[in-house]
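The values are calculated or read from the model by the stated rules, or taken from the named source; none is laboratory data. Since we're looking at a predicted model, the values are computed, not measured. Reconstructed Cβ throughout: ideal geometry from the backbone, glycine too, with neighbour counts over all protein chains shown. Keep in mind that these areas ignore ligands, DNA and RNA; they rest on the heavy atoms of the full protein, side chains included. Shrake-Rupley method; radii C 1.70, N 1.55, O 1.52, S 1.80 Å.
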Amino acid sequence: KAKGAGRNTATFFDPAMAEEMLERHEIEVDLRQATSEGALELYYQPIIDLRTQEIVTREALMRWRHPTRGMVPPGVFIPIAEQSGLIAGMGDWAIRQACRDAAKWPGGIGVSVNISPLQFREPGRIVETVKNALLLAHLAPGRLTLEVTESLLIEDNKTTLEVINELRAIGVKFALDDFGTGYSSLAYLSTYPFSQVKIDQSFSRDVNSDEASKAVIEAVCQLARRLSMNVVVEGIETEAQRMAVQLLGAQRAQGYLFGRPQPVSEFSKGDEPRKIA
Ligand code: C2E
Ligand code: MG
Ligand code: MG
Ligand code: MG
């Protein structure tokens, strides 16, 4: 038993915690190797226009196939990447790869890339990375959307808004991801120039049984329309959910009903934007 710094605190050796720390460390070592070997992949999941049923954007979702653990979910490796500093290089790579991939897609289909708040800590770097990626890929800036979460905006950093405005000035779009999960200050929607708000999947899950979820989706759709923003409802898995969110005013949706995240090699061979239904 070890005495802590405070007078009445004592810390105990916790085998479970020690094992977890060891595992995190192991994952970090392997992740470092994976990034240097180019072993990360981007999968893409479609975002659908509910009226036309066409793909408007594909969201890039990072995948890591570990040699012995199999697919490690981003919910596990992204936090480790953030704590270890690896996220900067991984984030740069994701932006470049997504732009290269999207440049080959027909019909002006856009691409969206998730950005960690830590990537905004090096404002010059992310701006340069995005500009270079667009130039190298010959991708029109308007086809790139960067997805950020409230956790970035809570920091209320002046440079965050500057970075967003600098990239907006060349045509890059921004989306507020997972809306409704954090503090969800409505002020974020008017303070920052988002072109899109993504309502978290927890609201679509029980949209047909829970009046509160319904009310939130409807209110956010109305607000977004007034602010000239698009709404994407995440996590649509059933036809009933699709119908419900469309009736509540959502223009766009994403979820297993329309398509799971998949590698580029699995996309349909057709060169035209494909009707989903
Ligand atoms: P997100 O950006 O909110 O992405 C949506 C997540 O919901 C994805 O999980 C997707 O596979 C999942 N999803 C989509 N449709 C459905 C559905 O109908 N039902 C259910 N149950 N889930 C659905 P994924 O790929 O595991 O990613 C989890 C999170 O990891 C992402 O949430 C994002 O925050 C983060 N992430 C993924 N790729 C990157 C990346 O390249 N960079 C950063 N910084 N974060 C990433
Ligand atoms: Mg996202
Ligand atoms: Mg999301
Ligand atoms: Mg999420």
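Using the heavy atoms of the protein chains alone and a 1.4 angstrom probe, what is the accessible area of the chain per residue in square angstrom?
Per residue, the chain has an accessible area of 53 Å².
Using Cα positions and a limit of under 19 Å, work out the aspartates and glutamates in reach of K214, with same-chain residues fewer than 8 apart set aside.
The reachable aspartates and glutamates, counting only those whose Cα sits under 19 Å from K214, are D177, D178, D200, D206, E234, E237, E239.
Segment 134-234: which GluC sites (Glu not before Pro) are DSSP loop and have at most 16 other beta-carbon atoms within 10 angstrom?
Those satisfying the criteria are E155.
Quick one: putting +1 on the C-beta of Lys and Arg, -1 on the C-beta of Asp and Glu, what dipole do you get for the chain around its Cα centre, in Debye to the nearest 20?
520 debye
Considering only D14, D156, D178, give the residue with the highest GNM mean-square fluctuation for the chain, with springs between Cα atoms whenever their separation is below 10 Å.
D14
If you take every DSSP beta bridge whose two residues both sit in the chain, what share of them, in percent to the nearest 5, is antiparallel?
In the chain, DSSP labels about 50 percent of beta bridges as antiparallel.
Can you tell me which of S112, S36, S209 moves the most in a GNM of the chain? Springs connect C-alpha atoms under 10 Å apart.
Evaluated over the chain, the most mobile residue of the options is S209.
Using a 1.4 angstrom probe and counting only protein chains, how large is the accessible area of T145 in Å², to 10?
The accessible area comes out at roughly 20 Å².
So which GluC sites (Glu not before Pro) in segment 13-79 pass both tests, a DSSP loop state and at most 13 other Cβ atoms within 10 Å of the Cβ?
Those satisfying the criteria are E37.
In what order, largest first, do R226, R252 sit by accessible area if the probe radius is 1.4 Å?
Sorted by accessible area, descending: R226, R252.
Out of the total accessible area of segment 168-260 (probe 1.4 Å, heavy atoms of protein only), what percent is carbon and sulfur?
Whole-percent figure for carbon plus sulfur exposure: 49.
Using a 1.4 Å probe, how large is the accessible area of I236, given in Å² and rounded to the nearest 10?
Per-residue accessible area (I236): approximately 0 Å².
Taking all protein chains together and a probe of 1.4 Å, list T35, T160 from the most accessible to the least accessible.
T35, T160
With a 1.4 Å probe and all protein chains kept in place, how do R242, R100, R260 rank by accessible area, largest first?
These residues rank, largest area first, as R260, R100, R242.
When the dipole is taken about the Cα centre of segment 1-132, and only Lys, Arg (+1) and Asp, Glu (-1) are charged at their Cβ, what size is it in debye, to the nearest 20?
With only Lys, Arg, Asp and Glu charged at Cβ, the dipole is about 240 debye.
With the contact rule set at Cα under 8 Å and sequence spacing of 6 or more, what percent relative contact order holds for the chain?
Once divided by the residue count of the chain, the mean separation gives 19 percent.
I'd like the antiparallel share, as a percent to the nearest 5, of DSSP beta bridges with both residues in segment 33-157.
Of those bridges, close to 60 percent are antiparallel.
Mind telling me which of G142, G171, G70 comes out most flexible in a GNM of the chain, alpha-carbon contacts under 10 Å?
G70
With a 1.4 Å probe and all protein chains kept in place, how much accessible area does M17 have, in Å² rounded to the nearest 10?
Looks like 110 Å² after rounding.
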